[in-house]
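Beneath this line is the structure, given in structure tokens, with notes to follow.
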């Protein structure tokens, strides 16, 4: 069974989502199914079809989250340190073409949020950064094309 790295916060977020799905979403879907069944003929009942579709989504997401939590390799980034980029590092970069500076934190897949500067360890940028040190150049393919960055700083926590 392949482990899935995630931060403590990412693990807690998945636990919260699972709890919400089981205690709020699942009962809501069951109510919608009961209500739709009460309207009679299920073969032409759009409410029933929508409720069944929603049920499939909710149950699929529950199974997905339970699997991820079972396989989680929870990493407390507060305990990490060093001068090499690893999972959990916050890395400040300078685009070598534009001198524009960007900061990314390398996190788990479910935690990634580019708008808040969190990138998945599976992203092309993170893959290019992992294992590198301050001052090194990294060439990565991004949605904007091939880019070259210099690592300015590495922080943990």
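Quick rundown of the values:
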| quantity | calculated |
| --- | --- |
| Choice from 79, 14, 93 with maximal GNM fluctuation in the chain (Cα, 10 Å cutoff) | 79 |
| Residue-averaged 222 nm ellipticity for the chain, from DSSP H runs of 4+ at -39500 (n - 2.57), nearest 500 | -12000 deg cm²/dmol |
| Stretchable slack from residue 99 to residue 15, in nm (0.36 nm times residue separation minus alpha-carbon distance) | 26.3 nm |
| Using a Förster distance of 41 Å, the FRET efficiency for residue 71-residue 133 (Cβ separation, nearest 0.05) | 0.85 |
| Alpha carbon centroid spacing (whole Å) that separates region 39-66 from region 80-124 | 38 Å |
| Residue 57-residue 142 FRET efficiency (beta carbon distance; Förster radius 30 Å; 0.05 resolution) | 0.45 |
| Degrees between helix 8-20 axis and first principal axis of the chain (Cα, 0 to 90, nearest 10) | 10 degrees |
| The chain - share of DSSP beta bridges that are antiparallel (%, nearest 5) | 75 percent |
| Distance in nm between pseudo-label sites at residue 3 and residue 80 (7 Å out along the Cβ direction from Cα) | 1.3 nm |
| Packing-based ranking, highest mean first, of 106-113, 49-56 given that Cβ atoms within 10 Å are counted | 106-113, 49-56 |
| Residues in region 70-97 reached by a label modelled at residue 109 [backbone nitrogen below 18 Å; 7 Å Cα→Cβ] | 70-75, 87-88 |
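Read the figures in this text as sums done on the coordinates, not as results from a lab. It should be emphasised that the depicted structure is a prediction, and the values quoted were computed from it without experimental measurement. Positions of Cβ are backbone-derived with ideal geometry, glycine not excepted, and every protein chain shown enters the neighbour counts.
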